[in-house]
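Every read-out reported here was derived from the displayed coordinates using simple, explicitly stated rules and does not represent laboratory data. Keep in mind that what you see is a predicted model, and the values were worked out from it rather than measured. No Cβ is skipped: glycine too gets one built from the backbone with ideal geometry, and neighbour counts run over all protein chains shown.
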Amino acid sequence: MTAPSHTAPLPASSLRVSLVQGDTRWHDPQANRAYYGALVESLAGRSDLVVLPETFTSGFSNEALGSAEDMDGPTVAWFRSLAQSTGMTLTGSIQCRTERGVFNRLLWAQPDGALSCYDKRHLFRMAGEHERYAAGRDRLVVECRGWRVLPLVCYDLRFPVFIRQQPRGETLEYDLLVFVANWPAPRRNAWRTLLRARAIENLACCVGVNRCGEDGNGVAYAGDSVALDHLGEVLVECGAGEQVVTTCLDGESLQRFRERFPAHRDADRFELL
């Protein structure tokens, strides 16, 4: 898919975004496809963009590497078909096997059948992810109904330089940040704080979708999925249990704020290596 132009206009319309905070079944892709598929299908006609958690077919597990699918596997085909049949853009990450190793790969499936991918760049060394997974390199900016979106995965949230807007002239790169995650409950304060910081510093709306429940390793997840406006104010927020919520992002409000408070004009210029 071709990345959107840096000269693209700011979104003037609203974008309906649904947060699917699920209790991912441990190491059971078939059960997860059925589980998340039913939740997504219930949103058909009521949303534009549906966000699932990180590794939504397996849970965050090094032990599931052996069963990682490739891009021709059943999950990718199912995900694309689901986007087409529901008429919504879908995103979430899976373990994906390639000739260069297994990536924690975010899928971005559009209703027209187009599929884009982002490979998680920052691998969570405290759980050994960096020893078993391959690391991605490049950011992905995609479009959804006129909104330019930068989708990222979990631990990426802690690295603001990689996420930072890089204006080209007067135009910012994206309007919405999306994070899919398996973020453990003991670090929920960091999750909540950093999502707000990323929204504010990048003059962009921000959506973070985390899983809930307890995984097969006994790790608990608090949920705390949230949609924030460009000021870091909560539009909708989930609690600790299974929940599906939808909110509307206001493109006109975002545009007016950027015109009134153009902090990006004073931003430091840098290059990602």
Going by alpha carbons, how many degrees (0 to 90, nearest 10) lie between the helix axis of 29-41 and the longest principal axis of the chain?
40
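Show me 208-216, 228-236, 38-46 ranked by packing, highest mean number of other Cβ atoms within 10 Å first. Don't jump to the answer; show the numbers that get you there.
On the way: 208-216: 22.8, 228-236: 16.9, 38-46: 13.8.
In descending order of packing, they fall as 208-216, 228-236, 38-46.
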Restricting to the chain, compute how many DSSP beta bridges are antiparallel as a %, nearest 5.
65
Got the relative contact order for the stretch 105-240 handy, in percent, Cα pairs under 8 Å and 6 or more residues apart?
16
By counting other Cβ atoms within 10 Å of each Cβ, how are CYS154, CYS248 ranked from fewest to most?
CYS248, CYS154
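With a ≥ b ≥ c the root eigenvalues of the C-alpha gyration tensor of the stretch 16-261, is it rounded (a/c under 1.5), prolate (a/b larger than b/c) or oblate? Walk me through the intermediate numbers first.
Numbers: a/c = 1.42, a/b = 1.32, b/c = 1.08.
Rounded.
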Once you keep just the Cα pairs under 8 angstrom separated by 6 or more residues, what percentage relative contact order results for the stretch 1-100?
32
I need the shape label for the stretch 7-156. Rule: rounded when a/c is under 1.5, else prolate if a/b > b/c, else oblate, with a, b, c from the alpha carbon gyration tensor.
oblate
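Does the stretch 120-273 come out rounded, prolate or oblate by the C-alpha gyration tensor, with a ≥ b ≥ c the root eigenvalues, rounded set by a/c under 1.5 and, if not, prolate when a/b is larger than b/c and oblate if not?
Numbers: a/c = 2.21, a/b = 1.36, b/c = 1.63.
Oblate is the answer for the stretch 120-273, as a/c is 1.5 or above yet b/c matches or exceeds a/b.
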Which residues qualify? For LEU152, with a placed amide H closer than 5 Å and at least 5 residues away or on another chain, they are VAL178, PHE179, VAL180
